[in-house]
Amino acid sequence: MPANPTPPANPPRATIGRYDNPYRVAVWDREPPPGTRCEPLLLETPDRAMAQGWLYSRGGEDTVVCLMHPRADFAHHYAVPGLVERGYAVFCENSRWLNNDSTLLHEVVLLDVAAGVQAMRERYERVVLCGNSGGGSLYTFYLHQALAPPEERLTDTAAGDPFDLGRFDLPPADAMVYLAAHVGEGHYLLSAIDPSVIDESNPAACDPELDMYNPANGFVEPPGQTRYDPEFLTRYGAAQHARVARIDEEARRRHAMRRGARKERNAGSGGLASLRLSIATDFLCVYRTDADPRAVDLSLDPSRRDYGSLWGVRPDWINYGAVGFGRVVAPEAWLSTWSGLSSRANILETGARMTLPALLISYSGDHGIFPSDRDAIANALATDSLARLEVDADHYGFPAARGREIAIAAIAEWLDAP
C-alpha cells in the first residue's frame, strides 16, 4: 500500500477527508536515492532560540535547495528524493513553532530562516529557497527584509511590539522557487473565514443572509451544483473583511491590556495583579474558517480542481468542526500570521523586493491556491527573471506522485539552466 494513497475519485458520502492520512500529505513517497546522507542540524537563531534542520546530500554538490514552512513539518518533504537524485543538496528546516501557530510571530520566525540560510551559506556556493505552500510567503517576507538595508527593515511586530530586524544578519539567497505557494496565510484566511458568524463566543451562531452554506443563497449539497449570485458574493467578501477587522480590533484590545500591565510592572507599580496580567495570554478562538465560496462553486476562479476545500470534500460540515486554520491563536500571533489585514507575510506587499531569479510552479487542481492567486504572485514579484509552469495535480502534488515528479524535474531543469 502506498505511503500516502491518493483520494478516491468518488469518495463515499460519509468520507469528508481527502487523504487516508492527512499527516503525510507533504511527506515523500519514496526514499532518497542510495548513498544519500542525512545530517541533522541544531540551529541557534540570532535571538538564541532553536530551529532544527536536516541536510540531505550525496556529496560534491555546489547548490542547496532550502525548504521551510512557518509551522508545518518539512523534515521529510516530498521534494527531497528527486532533487538529491538530480545532484542537489536539500535542506529541510522546521521552525521553533513546529505544529504550533497559536503563538507564531512571522517577524520573529525570520530569524529561524536566517539561521538556516547562514548554515547553508557556509557549505554551498549557491543557496536556493523553495517556498512550498506557506513557505512561499515566509521566504518572500524574509527576502523582503534580507534584501533591504538594515535601516529600512521592520522595527516592530504586527502588534506593535519592538522587534528591530535591522540588528540582525539576514543573509540573502541566490534564487527563489515557488511551489504551490500562496500569497500569505492571512490572505488565504481572508477568503476562507466565515462572515456569517454573529457571536465570536458561539460556534453555531449564524446570520443566514451571509451563510454560503444556506440553500437560499445558492448552495446545493453535493453532487448538486452550487452557484452564487454576484451580488451575494460582493456582500459576502465585504463581510469577510469586516469580520477580520473586528477580530483585529479585539486582538489589539487584548494586546493593549497586556502591554499596559507590562508598563506598570516596569514602572514598579501594579503589584501582583499587573504581574499576572502582563504574563497571561488571552487566546482568541476563531470559529468557522472553511468558508471560501470557490470550494463549492467551481465556476468561480475556474481551474481543474474538484469539489471541496483543502480540508476535504464537505466543507459545509468541516466548517463547523474542530479542524481549520487559525482557530486558537494569541492576539499577537493573529495579527502577525492569520489576519489578512494586518499580517506582513503577504507577497502582494513583500514581492516588491523579491528581485532574485524565480520559478513559479502551480498545481492546476489546487484547492487552496487559485488562478487569481498565482497571477497575483507573479505580478507582485519585482524579479525580471520569472519562469512559470502549471502541473496537473492538487495542492500536494497528487494524484499519485506524478504531479510531484513533474514539478521536481522542472525545478532541477531550471536550476541546471545557465
What is the Cα radius of gyration of the stretch 125-267 over 2.2 N^0.38 Å, N being its residue count?
-> 1.44
Phi angles of the stretch 193-205, converted by Karplus (6.51 cos²θ - 1.76 cosθ + 1.60, θ = phi - 60°) into ³J(HN,Hα) in whole Hz with x for Gly and Pro, give 6, 8, x, 7, 5, 10, 8, 5, 9, 10, x, 10, 5
Two-decimal ratio, the stretch 175-253, of alpha-carbon radius of gyration to 2.2 N^0.38 Å = 1.32
For VAL328, which sequence-distant residues (separation of 5 or more, or a different chain) have an amide H within less than 5 Å of its own amide H, given hydrogens modelled in the peptide plane?
-> VAL286
Return the Cα extents of the stretch 282-325 along principal axes one, two and three, sorted largest first, each rounded to a whole Å.
-> 41, 16, 12
Distance between the stretch 87-111 and the stretch 202-264 - C-alpha centres, whole angstrom = 29
Using just the alpha carbons, could you tell me how many Å³ per residue the convex hull of the stretch 26-151 encloses?
-> 101
Sort TYR188, TYR396, TYR139 by accessible area with a 1.4 Å probe, largest first.
-> TYR396, TYR188, TYR139
Under the definition of Cα pairs under 8 Å and six or more residues apart, what whole-number percent is the relative contact order of the stretch 187-310?
-> 30
With x for Gly and Pro, the residue-by-residue ³J(HN,Hα) of the stretch 45-54, computed from phi through the Karplus equation 6.51 cos²θ - 1.76 cosθ + 1.60 at θ = phi - 60° and given in whole Hz, is 7, x, 9, 6, 9, 10, 10, 10, x, 9
Determine the shape class of the stretch 235-303: with a ≥ b ≥ c the square roots of the Cα gyration tensor eigenvalues, call it rounded for a/c under 1.5, and otherwise prolate if a/b is greater than b/c, oblate otherwise.
-> prolate
So for the stretch 21-74, what percent of the C-alpha to C-alpha distances run longer than 14 Å?
-> 68
For HIS367, residues with placed amide H under 5 Å, excluding near neighbours = HIS395
D for the stretch 125-206, whole µm²/s, Stokes-Einstein with Kirkwood Rh over alpha-carbon pairs at 10 °C and 1.306 mPa s: what number?
-> 104
Only Cα pairs under 8 Å and at least 6 apart count here; give the relative contact order of the chain as a rounded whole percent.
-> 17
Full extension between ASP161 and LEU275 adds, at 0.36 nm per residue less the Cα distance, a length in nm of 39.2 nm
Taking only Cα atoms of the chain, the Rg to Rh ratio with Kirkwood Rh works out at 0.97
Hey, how much of the P(r) for the stretch 79-176 falls beyond 15 Å, as a percent of Cα pairs?
-> 64
Spelling it out for VAL391: with amide H atoms placed in the peptide plane at 1.01 Å from N, the residues 5 or more places away or on another chain with amide H under 5 Å from its amide H are SER362, TYR363, SER364
Debye, to nearest 20: dipole size of the chain, +1 on Lys, Arg Cβ, -1 on Asp, Glu Cβ | 780
By DSSP, what percent of the beta bridges with both residues in the chain are antiparallel, rounded to the nearest 5?
-> 40
How far apart, in nm, are the 7 Å Cα→Cβ label points at GLU152 and ASN379?
-> 2.4
Work out Dmax and Rg for the stretch 310-417 from the C-alpha atoms and quote the Rg first, both in angstrom.
-> 16.6, 48
The chain: calculated mean residue ellipticity at 222 nm from DSSP helix runs of at least 4, using -39500 (n - 2.57) | -9000 deg cm²/dmol
Calculate one ³J(HN,Hα) per residue across the stretch 288-300 by plugging θ = phi - 60° into the Karplus curve 6.51 cos²θ - 1.76 cosθ + 1.60, and present them in order as whole Hz with x for glycine and proline.
-> 6, 10, 10, 9, 8, x, 5, 5, 10, 10, 6, 7, 8
Which is farthest toward the positive dipole end of the chain among HIS367, SER57, THR350, measuring Cα position about the Cα centre, with Cβ charges +1 (Lys, Arg) and -1 (Asp, Glu)?
-> SER57
Just ILE279, ILE198, ILE361 to compare: in a GNM of the chain, with alpha carbon springs under 10 Å, which one fluctuates most?
-> ILE279
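The values are calculated or read from the model by the stated rules, or taken from the named source; none is laboratory data. Keep in mind it's a predicted model, so treat the numbers as computed, not measured. Reconstructed Cβ throughout: ideal geometry from the backbone, glycine too, with neighbour counts over all protein chains shown. The accessibility values were calculated without ligands, DNA or RNA, using every heavy atom of the protein model including side chains. Shrake-Rupley method; radii C 1.70, N 1.55, O 1.52, S 1.80 Å.
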